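Each remark here refers to the structure printed beneath this line.
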C-alpha cells in the first residue's frame, strides 16, 4: 500500500493506492472517491459487542471495508471535521489511545477496539469512560480538528495538555488528571478546569483547535428566542 496526505492542515485528504487483493478499512462515511476496481462494504469488526463498544467510545458501529478486488485501486478519504490527517506506524508492541472521532483509517493489520478507563479518568478526562484503543501491526491514519502537533517527551519529561486538545498517545505513556491551577477557583476562572499531565518517554499528539470552544464561539451568533 502507498499513500499520500493531500492538502495538509485544515482540509487534509488521504489518497491510498492499493494493489490487487489489498484491503483497507476506514471510518464509516469517509470515502470521497474510488476507482471502479474497489469493492466497498460495511463491516462490524468484532461483531455486535465490538460495534457497541466503538459507539460508546465515540466511533461509529460500522467500518468501511475497501478491497482492491478488480485490480490496482486508488481511494480518496477525508474526515468529517475540518482538520489534519497524520499517519502513525504501529509495530505491534503497544496500543495507541485515540480521542473520539480520531480514527480515519488503517491497513489490514490494525485492530480498533474500546478500552474502559477508571472512574476518575472517565469522569474528568473529557474523553468519557470509553476511549478508542488501536493495536496491531501496520499504519493507522488519525484525524483531528485543526492541525496535529507532536510533543516528543524524553524519559521523565512531563507536559500538561488541555483535554479538549488531545488526539492520541501511546499506551506506555503515563498520564493523570489534575486541576489546571493549584486552587479550584483559579482552575475554573482560568477557563481550563481540569487538564491531563503526561510523563514520558513517548509522543503525545495534540490538535491546534478545541471543538467545544468553536461550538461556544458559533453559539453566540445564533439568535435565541
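Which residue is farthest from the chain's Cα centre (by Cα), if the candidates are limited to region 203-212 and must be surrounded by fewer than 20 Cβ atoms within 10 Å (Cβ to Cβ) and not in a loop (DSSP other than H, G, I, E, B)?
Among them, the one singled out is 212.
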Task: Elements of type strands (runs of 3 or more DSSP E) in region 83-199, at least 1 residues being modelled with pLDDT under 85, under 23 Å from residue 26 (Cα atoms) and in contact with a strand residue (DSSP E or B) (Cβ under 9 Å, 6 or more places away or on another chain) - done: 110-116, 130-143
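The values are calculated or read from the model by the stated rules, or taken from the named source; none is laboratory data. What you see is a predicted model; the values in this text were computed from it and never measured. Here Cβ is always computed from backbone atoms with ideal geometry, including for glycine, and neighbour counts include all displayed protein chains.
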